[in-house]
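Worksheet: one structure, shown below.
The values are calculated or read from the model by the stated rules, or taken from the named source; none is laboratory data. Everything quoted here is computed from the prediction, not taken from an experiment. We place every Cβ from the backbone using ideal geometry, glycine too, and count neighbours over all the protein chains shown. Keep in mind that these areas ignore ligands, DNA and RNA; they rest on the heavy atoms of the full protein, side chains included. Shrake-Rupley method; radii C 1.70, N 1.55, O 1.52, S 1.80 Å.
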Amino acid sequence: MHFNQPLRLRSGAELPAYTLVYETYGSLNARRSNAVLVCHALNASHHVAGTHAGKPHSEGWWDNLVGPGKPLDTNRFFVIGINNLGSCFGSTGPMHINPATGRVWGADFPVVTVEDWVDAQARLVERLGITQLAAVIGGSLGGMQALAWSIRYPQRLRHCIAVASAPNLSAQNIAFNEVARRAITTDPDFHGGHFYDHGAVPRRGLRVARMIGHITYLSDDSMEAKFGRELRSTALAYDTQSVDFQIESYLRYQGDKFSEYFDANTYLLITRALDYFDPARDHGGDLSRAFAVARDLAFTVISFTTDWRFSPARSREIVKALVDNHIRVDYAEIDAPHGHDAFLLEDARYHALLRARFARLARTLDSEG
């Protein structure tokens, strides 16, 4: 969907005409009250569920959750997935042309924030003729967007669902992002972010960035169970450059795959948006004050015990801020072994909780006619 109206960004910059790519699933009811917005995390996109025609292995990133008869049932809800600005999956971003120069944006693409993404999403939802969303849901960075929706547009949604998320990044998380960014920007093929002009791709940096990130998404238990100290062959190579362990092979595979489809400037932008998210900052550092505007909403907050990147303690900060405001909130801390990636997996307890939440929401909508 194309927008000619410029978007004023938190940085003070202005993004001129832009395009947001989106997908929808299910049908909008007559009252336009059953829409659910799904917000994506770092390397995901608007393709939330289902497969693309002629591509049987193109399942959406949350396909186990969204679809007919699934916890977020598209027989009952109209689900919207939007690709964020600055991404590399169709929406306007660094790979597109800067109308002011006629050249690819590259490193000149303005820094965007979670709040900027939510403002752009709100315009698209309005263009679809939807005045109030039944729910906004997201995991990780997507959960931050759902929280931002509840603060910036509290009258335009009924329920906020934040999974494996946080009210801001810890210093350790910012540090991981910075190391990943430096891996990219110090790649000789980065060319100051204008590598498109050189016909190059900073794949080495992207590989390392992905390897760093992937380690943080997994728990020690899950890596131990899946790989342990298993070797690729019966004998050690006694070589610092060889791949001796299966975990090394796995990380290199993930890095290689990522470097083939993800844009380096997008990686820099999205990790910076993660760093900057901090709704309490606008309220004197008081998270409870930030959520005061959301008193009429209902919240569901979910965390996973082995998620050390977005730990349950961070979700409990969100819950406390909501309780301080006497806001309705359900909180679940699920004992799952998979680390941060648990929000993407088909855990029976996790899915049962969301199925029950959406079923109750559907019944409420039905009772309202």
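Details
- Linear extension gain, Asp282 paired with Leu28, 0.36 nm per residue minus alpha-carbon span: 87.9 nm
- All C-alpha to C-alpha distances of the stretch 173-237, sorted into 5 Å bins beginning at zero, yield P(r) values of 3, 16, 17, 15, 14, 14, 10, 7, 3, 0 percent in whole numbers.
- Averaging over all projection directions, the Cα-based convex hull of the stretch 230-346 occupies 11.2 nm² in the image plane.
- Its convex hull of Cα atoms gives the stretch 77-180 a direction-averaged projected area, equal to a quarter of the hull surface, of 8.0 nm².
- With contacts taken as Cα pairs under 8 Å and at least 6 residues apart, the chain reaches a relative contact order of 18 percent.
- Relative to the Cα centre, the charge distribution of the stretch 187-289, modelled as +1 at Lys and Arg Cβ and -1 at Asp and Glu Cβ, gives a dipole magnitude of about 120 debye.
- Each of Asn325 and Leu128 was given a label point 7 Å from its Cα along the Cα-to-Cβ line. The distance between the two points is 2.4 nm.
- Compactness of the chain as Cα Rg over 2.2 N^0.38 Å, two decimals: 1.00
- The stretch 319-369, Rg to Rh (Cα coordinates; Rh as Kirkwood inverse mean 1/r): 1.08
- Compactness of the stretch 34-125 - radius of gyration and Dmax, Cα, Å: 15.3, 48
- log10 of Debye I(q)/I(0), alpha-carbon scatterers only, for the stretch 142-189 at 0.13, 0.17 Å⁻¹: -0.48, -0.64
- Charge-dipole axis of the chain as Lys and Arg at +1 and Asp and Glu at -1 on Cβ define it, positive-most pick from Thr240, Tyr25, Phe310: Tyr25
- Shape call, the stretch 143-256: gyration tensor on alpha carbons, a/c limit 1.5: oblate
- Helix content alone sets the calculated 222 nm mean residue ellipticity of the chain: runs of n ≥ 4 DSSP H residues at -39500 (n - 2.57) each, divided across all residues, give -11000 deg cm²/dmol.
- Shape category assigned to the stretch 293-349 from the gyration tensor of Cα positions, a/c cut at 1.5: prolate
- Relative intensity of the stretch 1-47 on a log10 scale, I(q)/I(0) at q = 0.24 Å⁻¹, equals -1.00, per a Debye sum over C-alpha point scatterers of equal strength in the absence of solvent.
- Relative pair counts by distance (%), Cα atoms of the stretch 1-80, 5 Å bins: 3, 13, 18, 19, 18, 12, 10, 6, 1
- Once the GluC sites (Glu not before Pro) in DSSP loops with at most 16 neighbouring Cβ atoms within 10 Å are cut out of the chain, the longest remaining piece is 60-229.
- Note on Ile151: accessible area approximately 40 square angstrom, rounded to 10, probe 1.4 Å, nucleic acids and ligands left out.
- Surface share of carbon and sulfur [accessible, 1.4 angstrom probe, percent] for the stretch 41-162: 51
- Approximate spin-label separation Arg8-Glu59, in nm, with each point projected 7 Å along Cα-to-Cβ: 4.4
- Net charge in the neighbourhood of Trp62 (other residues with Cβ under 11 Å of its Cβ; Lys, Arg +1, Asp, Glu -1) is -2.
- The stretch 196-259: chymotrypsin sites (Phe, Trp or Tyr not before Pro) falling in loop per DSSP and having at most 14 other Cβ within 10 Å: Tyr238
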